[in-house]
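Novice: The structure is given below, and queries will be raised subsequently.
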């Protein structure tokens with residue numbers, strides 16, 4: 001989900017004009033990079049609204065140990081994931097995060113742990129401006145790498161953390177001779193909490209507890225605070241290698257030295273209504289030597305006992321931060337090398353492998369080592385035979401456009417477990433597939449029916465290890481049987497209660513009426529539902545379900561009913577429509593009425609599955625291409641990189657496919673130029689290296705696809721649109737499956753254009769590749785250069801077809 005800034009900072013520029021930057025070389029001589037972890041910078045995206053986090057985490061990890069910043073407000077951090085690069089003061093190191101969530105204050109950030117030097121003379125909850133129980137730091141004392149995070153604080157404390165999937169180990173070195181206390185701020189999740197508890201056991205040197213939290217996107221005010229409910233309870237257990245020399249707890253404004261238990265939440269309000277509330281505990285340590293304190297922490301979403309079992313299973317008694325981090329580095333290297341590349345400058349490799357890193361941060365494991373997990377019904381369930389793990393955190397509206405396809409390509413087994421996880425969650429949620437799952441619970445966030453697109457797309461890319469027929473039947477039911485929640489405005493806009501809102505009206509009118517849709521916006525909902533119905537139609541064809549294929553193929557064209565050919569005197573656009581058939585007036589191209597986080601200028605192009613029909617409605621390919629040209633250009637003719645309501649927004653999902661539409665219009669050289677331009681202009685190294693919210697790896701996945709020189713033709717099909725690769729050779733290695741190689745011997749920053757191609761040794765003139773290239777493996781060679789070849793891929797028989 002995205003709450004976008006209309007500013008882009010830290011833009012990189014790379015010229016696109018000039019001689020070929022690299023001479024072709026023998027493909028057989030190209031060798032992959034091996035230790036690719038060294039190219040990952042977890043600080044990329046921690047500024048400029050990327051909302052990533054830099055802390056210690058394993059691929060798809062439950063635990064992610066990362067700092068929580070403060071700007072002098074105990075209920076705010078300056079970033080959706082608790083860490084803002086430009087905010088150099090922290091109030092703790094929290095145990096869970098969601099990568100790139102796009103609303104403030106976001107999600108998770110559970111159980112911040114803060115090393116305090118000094119007495120705990122007042123309640124940390126009463127320190128509402130974080131003046132006492134927080135510390136400044138310098139980035140010069142910060143080291144972030146995959147699986148490990150180190151930070152030195154201005155109060156003299158040095159920290160070092162490493163992660164496994166469900167556990168972590170850390171050292172905290174207090175200044176010798178200081179008064180050393182470690183604070184467990186159990187109630188202080190990013191969005192607040194309904195309840196929290198902590199128990200300190202000096203005999204076993206443990207601190208344990210839980211937090212009942214949720215309140216996703218807590219500063220939104222949809223439907224009178226419809227988001228202020230609890231989604232999950234996180235349990236933790238922390239074991240220490242040193243005895244406690246003091247203990248204490250606090251509740252709201254009262255500190256209680258010597259006590260060992262406390263409970264109480266903060267609520268889900270913000271500002272004064274929440275400040276000063278909450279509970280937690282602290283433990284003190286002797287500092288007569290320089291020996292750091294070591295803590296081992298286990299997590300679970302089911303019980304404290306399960307947290308203990310997860311810790312015992314993933315961290316052995318002799319493990320250290322160094323050993324755990326080294327093991328994590330190996331895991332990350334193997335994970336990142338699902339795609340090997342040859343060639344490339346250091347900065348390009350950093351951008352690429354950091355994008356890969358961000359893409360592998362989710363979905364997140366939320367089942368225990370014993371196979372137990374908590375569902376949306378708040379009951380504990382057990383994995384069925386064959387399912388490896390239950391996964392959560394599904395930002396559907398974002399992820400279905402680029403991320404889930406990359407997951408299916410590289411990790412089909414995990415993708416299948418993810419599909420099964422969503423099916424399980426729907427069964428435990430009254431049959432409803434929610435748009436946005438926070439850990440294990442529905443949030444109703446965003447629009448459309450993204451689960452249908454996601455699972456159909458996984459299937460198209462060869463994922464089979466889930467209950468396919470049950471998932472298909474359930475999603476068809478959601479698309480054809482009205483649910484009473486679809487007539488409610490509760491949570492609108494942004495978190496509308498119905499997944500297919502006012503489905504009966506949609507089926508009757510063949511569009512979502514703006515005045516009766518009970519949705520974020522009627523025209524946007526029509527486009528989303530058309531996309532979902534197309535996905536179901538394609539999936540049905542593959543399953544031999546002819547009746548459903550015919551039904552949903554027809555419904556996939558409903559987007560035409562909100563396309564007004566006379567929306568403006570000059571051109572047709574998507575426009576919200578009322579139940580009586582009239583157009584919603586007045587129409588403003590740059591107005592967001594009728595759309596979710598966007599305007600008609602962007603949403604008019606959101607018809608990946610029917611580009612040729614859209615082009616015809618616009619007046620033909622020449623007219624459509626000219627409109628695209630204008631869409632990507634600012635008033636002065638330069639590339640549009642600062643998002644505006646009437647132009648291209650490279651920071652948000654509804655339009656990220658648009659640069660690839662030129663292929664269908666017979667102008668693939670413009671796709672090549674546009675994709676590479678935006679890869680260079682809005683992505684890069686350093687904290688500002690993402691154009692906007694990463695949205696659970698979606699924006700990073702877009703960059704990975706661009707670097708490969710391919711992109712899903714539609715989110716629910718396996719065919720790939722082709723462009724110019726960034727690297728000279730790429731090995732795409734599916735886990736447990738075939739390898740696909742893509743060679744572009746002349747690839748360079750200036751070799752932007754495709755000059756010819758071969759697929760499995762045959763001349764290839766199409767601007768797209770069949771699904772078999774990735775599903776079965778193959779060899780694609782693309783010849784590139786600094787000047788466009790306007791003939792390649794441009795003839796009617798070579799452009800991608802919609803149906």
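The values are calculated or read from the model by the stated rules, or taken from the named source; none is laboratory data. A quick note: this is a predicted structure, and the numbers were derived from the prediction, not measured. Using ideal geometry, Cβ is built from the backbone for each residue, glycine included, and neighbour counts are taken over all protein chains shown.
Novice: Where in the range 392-491 are there helices (runs of 4 or more DSSP H), lying fully within it, with 1 or more residues that are within 20 Å of residue 719 (Cβ to Cβ) and touching a residue at least 12 places away in the same chain (Cβ under 8 Å)?
Specialist: 396-399, 403-410, 412-427, 450-460
Novice: A further question follows. Does the range 253-265 include one or more residues that are out of contact with any strand residue (DSSP E or B) (no Cβ under 8 Å at 6 or more places or on another chain) and not assigned by TED's automatic domain parsing to the domain that holds residue 733? Explain how you work it out, then say what you get.
Specialist: Our first condition is that a residue be out of contact with any strand residue (DSSP E or B) (no Cβ under 8 Å at 6 or more places or on another chain); within the range 253-265, this holds for 253-254.
Subsequent filtering for residues that are not assigned by TED's automatic domain parsing to the domain that holds residue 733 retains 253-254.
Scanning the range 253-265, I find at least one residue that is out of contact with any strand residue (DSSP E or B) (no Cβ under 8 Å at 6 or more places or on another chain) and not assigned by TED's automatic domain parsing to the domain that holds residue 733, so the answer is yes.
Novice: Does the range 554-577 include one or more residues that are more than 21 Å from residue 519 (Cα to Cα), assigned to a helix (DSSP H, G or I) and in the same structural domain as residue 477 (by TED's automatic domain parsing)? Break it down stepwise before answering.
Specialist: Filtering the range 554-577 for residues more than 21 Å from residue 519 (Cα to Cα) gives 554, 565-572.
Okay, now just the ones that are also assigned to a helix (DSSP H, G or I), so 554.
Adding the requirement that they be in the same structural domain as residue 477 (by TED's automatic domain parsing) leaves 554.
Yes - at least one qualifying residue is present in the range 554-577.
Novice: Does at least one position in the range 77-98 carry a residue that is in contact with a helix residue (DSSP H, G or I) (Cβ under 7 Å, 6 or more places away or on another chain), touching a residue at least 60 places away in the same chain (Cβ under 8 Å) and surrounded by 24 or more Cβ atoms within 10 Å (Cβ to Cβ)? First the steps, then the outcome.
Specialist: Residues of the range 77-98 in contact with a helix residue (DSSP H, G or I) (Cβ under 7 Å, 6 or more places away or on another chain): none.
The answer is no; no qualifying residue exists.
Novice: With 370, 415 as the choices, which residue is crowded, with 22+ Cβ neighbours inside 10 Å and outside the structural domain of residue 300 (by TED's automatic domain parsing)? Write out each step before concluding.
Specialist: Numbers: 370 fails: crowded, with 22+ Cβ neighbours inside 10 Å.
Exactly one of 370, 415 is crowded, with 22+ Cβ neighbours inside 10 Å and outside the structural domain of residue 300 (by TED's automatic domain parsing), namely 415.
Novice: Something else about it: Taking the range 358-377, which residues are over 30 Å from residue 691 (Cα atoms) and either outside any strand (DSSP E or B) or out of contact with any strand residue (DSSP E or B) (no Cβ under 8 Å at 6 or more places or on another chain) (or both)?
Specialist: So the first thing to find is which residues in the range 358-377 are over 30 Å from residue 691 (Cα atoms), and the list is 367-377.
Listed by number, the residues that qualify are 367, 368, 369, 370, 371, 375, 376, 377.
Novice: A further question on this structure: Kindly check whether there is at least one residue in the range 784-791 that is at negative phi, buried (at least 18 other Cβ atoms within 10 Å of the Cβ), out of contact with any strand residue (DSSP E or B) (no Cβ under 8 Å at 6 or more places or on another chain) and in contact (Cβ under 8 Å) with a residue 40 or more places away in the chain.
Specialist: Looking for residues that are at negative phi, buried (at least 18 other Cβ atoms within 10 Å of the Cβ), out of contact with any strand residue (DSSP E or B) (no Cβ under 8 Å at 6 or more places or on another chain) and in contact (Cβ under 8 Å) with a residue 40 or more places away in the chain, one finds none in the range 784-791, hence no.
Novice: Next question. Could you tell me whether residue 276 is out of contact with any strand residue (DSSP E or B) (no Cβ under 9 Å at 6 or more places or on another chain), on the phi > 0 side of the Ramachandran plot and not assigned by TED's automatic domain parsing to the domain that holds residue 381? Talk me through it step by step, then tell me what you get.
Specialist: Numbers: out of contact with any strand residue (DSSP E or B) (no Cβ under 9 Å at 6 or more places or on another chain): yes; on the phi > 0 side of the Ramachandran plot: yes; not assigned by TED's automatic domain parsing to the domain that holds residue 381: yes.
Yes; evaluated as a whole, the condition is true for this residue.
Novice: Another question, then. Collect the residues in the range 539-550 that are in contact (Cβ under 8 Å) with a residue 24 or more places away in the chain, surrounded by fewer than 24 Cβ atoms within 10 Å (Cβ to Cβ) and assigned to a helix (DSSP H, G or I), keeping them in residue-number order.
Specialist: Across the range 539-550, the qualifying residues are 540, 542, 543, 548.
Novice: Note down all Cβ pairs under 8 Å where the first residue falls in the range 289-303 and is free of Cβ contacts under 8 Å to residues at least 40 places away in the same chain and not assigned by TED's automatic domain parsing to the domain that holds residue 62, the second is part of a strand (DSSP E or B) and buried (at least 23 other Cβ atoms within 10 Å of the Cβ), and they're at least six residues apart or on different chains.
Specialist: Pairs found: none.
Novice: Still on this structure, I have one more. Look at the range 145-158 and say how many of its residues are touching a residue at least 12 places away in the same chain (Cβ under 8 Å) and over 20 Å from residue 314 (Cβ atoms).
Specialist: Taking the range 145-158 first, the residues touching a residue at least 12 places away in the same chain (Cβ under 8 Å) are 145-149, 151-158.
So of that shortlist, the ones also over 20 Å from residue 314 (Cβ atoms) come out as 151-158.
Here the count works out to 8.
Novice: Now a separate question. Out of curiosity, is residue 208 outside any loop (DSSP other than H, G, I, E, B), at pLDDT 95 or above, in contact with a strand residue (DSSP E or B) (Cβ under 8 Å, 6 or more places away or on another chain) and under 26 Å from residue 261 (Cβ atoms)?
Specialist: On the way: outside any loop (DSSP other than H, G, I, E, B): yes; at pLDDT 95 or above: yes; in contact with a strand residue (DSSP E or B) (Cβ under 8 Å, 6 or more places away or on another chain): yes; under 26 Å from residue 261 (Cβ atoms): yes.
For residue 208, the condition - outside any loop (DSSP other than H, G, I, E, B), at pLDDT 95 or above, in contact with a strand residue (DSSP E or B) (Cβ under 8 Å, 6 or more places away or on another chain) and under 26 Å from residue 261 (Cβ atoms) - is met.
Novice: Does residue 172 fit the bill of being within 20 Å of residue 282 (Cβ to Cβ) and not in a loop (DSSP other than H, G, I, E, B)?
Specialist: On the way: within 20 Å of residue 282 (Cβ to Cβ): yes; not in a loop (DSSP other than H, G, I, E, B): yes.
When the stated conditions are applied, residue 172 passes them.
Novice: Consider only pairs whose beta carbons are under 7 Å apart and that are at least six residues apart or on different chains; among these, list those whose first residue lies in the range 520-533 and is modelled with pLDDT under 95 and whose second residue is surrounded by fewer than 24 Cβ atoms within 10 Å (Cβ to Cβ).
Specialist: The qualifying pairs do not exist here.
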